[in-house]
Amino acid sequence: MRLGISSSLDHTTPENWAQKMEALGCRSVVFPADCTKPQELADAYVEAALRHDLQIAEVGIWRNAISQDEKERQAAMDYSIGQLKLADRIGARCCVNVIGSVGTRWDGAYAGNFTQKTWDRAVRMIQEVIDEAKPRHTFFTIEPMPWMYPTGPEEYLKLIEDVNRDAFGVHMDVINMINCPERYFFPQPFVDHCFELLGDRIRSCHLKDVLLGQEFTFRLQECACGEGTFCLERYAELAGKADPDMPMIIEHLHSDEDYISSVGYVKERLKAYL
C-alpha cells in the first residue's frame, strides 16, 4: 500500500510540496490543485509528484451534484465534470465525491436521502458526469457515507450495476460504513465482506479510526488512527492484497502537525504492510 494524507501541508511551490510529502514518508497524495487553476500549475504538481515517486491517488469534488437547488446542482455538475477531466489528464487513480443530499447541507443527513427518487437521481448524476467527461485513464468514484447512499458494500455493488459504466469505480472508506453495533464490535468480518464484494474495483482508500462513546444513545465518533478500535491491520492487509499500490489516505485531522504525528504512528503500526 502507499500511505498518504489529505492535507497538502503548508508549502511554497509544487517542488516544495513534493519534497515535504516524500520526507514525511508519503507515497501517495491528494492532488492539491483543481480544475479552476491554470493548467501550468497542475502540470507543475504532476511533474513534482513524478520526480518524488508520489502516486496521485485522488482528485476531490466535494459538491452536492444532486442538490434540490438547480443553480447549486448545475454548478456542482460542471465542477464534477471539470474535476474528472483533470483527474483523467493527470493520471490520477480516481476522482471522488459523495452522492450528495436533498437538504440544505451538501453532505447532511436527511430521510429524503434514502428514497428511490434520490437513488435514481444519483445514478443519472454519475452517468452524466462520466458521459460528459469521457475519462480514459481514471475512474469516477463515490465515497460511502453513514447517511447517504451507499452505506454498505451491497448498496455500492447495486450502484455499480445500475450506473453501468466501465469508468465507475469504488472509493473505499470502510469507517464511514461502520454505522451499527454489529459492524462496530465485529469489524473484521465486515471489512472482509467489503473487499470480497468490491476489492477488484477499489481505486483509493481512506484511513482513520472509530470509537464508540459511552453516552446514550449509540454514538460513533470518527477519530485518528490508534484512538479507536478498528482493525487497521486487517484493512491494510486486504487493501494491499487488492492492489500492492493501493493508496491509503489519512484524513480529517485538524492541523499539519496532527497529520505528521498520525503518519508516524501509522508507519510504525502498519510497517508490515507498507
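Couple of notes before you dig in:
- Each residue in the stretch 190-214 was checked for being of a type in the set (A, V, I, L, M, F, W, C), buried (at least 20 other Cβ atoms within 10 Å of the Cβ) and in a strand (DSSP E or B), and 4 pass.
- Remark: pairs (first residue in the stretch 188-203, aliphatic (A, V, I, L, M); second residue open to solvent by 20 Å² or more (accessible area, probe 1.4 Å) and part of a helix (DSSP H, G or I); Cβ separation under 6 Å; 6+ apart in sequence or on different chains) = V191/R234; L197/L157; I202/A242.
- Residue within the stretch 166-183 that is open to solvent by 20 Å² or more (accessible area, probe 1.4 Å), in contact with a helix residue (DSSP H, G or I) (Cβ under 8 Å, 6 or more places away or on another chain), free of Cβ contacts under 8 Å to residues at least 24 places away in the same chain and not in a loop (DSSP other than H, G, I, E, B) present: yes
- Test: A33 is within 21 Å of the chain's Cα centre (by Cα), more than 23 Å from I81 (Cα to Cα) and not in a strand (DSSP E or B): no
- Yes/no for A75 being modelled with pLDDT of 95 or more, open to solvent by 50 Å² or more (accessible area, probe 1.4 Å), among the hydrophobic types (A, V, I, L, M, F, W, C) and farther than 21 Å from M246 by Cβ: yes
- Hits in the stretch 215-269 - residues which are free of Cβ contacts under 8 Å to residues at least 60 places away in the same chain, assigned to a loop (DSSP other than H, G, I, E, B) and hydrophobic (A, V, I, L, M, F, W, C): F216, F218, A224, C225, F230, C231
- Being crowded, with 20+ Cβ neighbours inside 10 Å, touching a Lys or Arg at 6+ places or on another chain (Cβ under 6 Å) and not aliphatic (A, V, I, L, M) is a property that does not hold for P187.
- Evaluation of P144 against (1) in a loop (DSSP other than H, G, I, E, B); (2) under 17 Å from C95 (Cα atoms); (3) open to solvent by 20 Å² or more (accessible area, probe 1.4 Å) (one fails), failing number: (3)
- Among residues of the stretch 99-135, those that are under 29 Å from R89 (Cβ atoms), touching a helix residue (DSSP H, G or I) at 6+ places or on another chain (Cβ under 6 Å) and part of a loop (DSSP other than H, G, I, E, B), counted: 2
For every residue, the table says whether it meets (1) surrounded by fewer than 17 Cβ atoms within 10 Å (Cβ to Cβ); (2) out of contact with any Phe, Trp or Tyr (no Cβ under 9 Å at 6 or more places or on another chain); (3) under 28 Å from L159 (Cβ atoms).
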{"residue": "A236", "(1), (2), (3)": "no, no, yes"}
{"residue": "K241", "(1), (2), (3)": "yes, no, yes"}
{"residue": "D245", "(1), (2), (3)": "yes, yes, yes"}
{"residue": "M248", "(1), (2), (3)": "no, no, yes"}
{"residue": "D258", "(1), (2), (3)": "yes, yes, no"}
{"residue": "L274", "(1), (2), (3)": "yes, yes, no"}
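The values are calculated or read from the model by the stated rules, or taken from the named source; none is laboratory data. Remember, predicted model here, so these are calculated numbers, not experimental data. Positions of Cβ are generated from backbone atoms using ideal geometry, with glycine treated the same way; all protein chains shown enter the neighbour counts. Quick note on the areas: whole protein, heavy atoms, side chains included, nothing else; ligands and nucleic acids left out. Shrake-Rupley method; radii C 1.70, N 1.55, O 1.52, S 1.80 Å.
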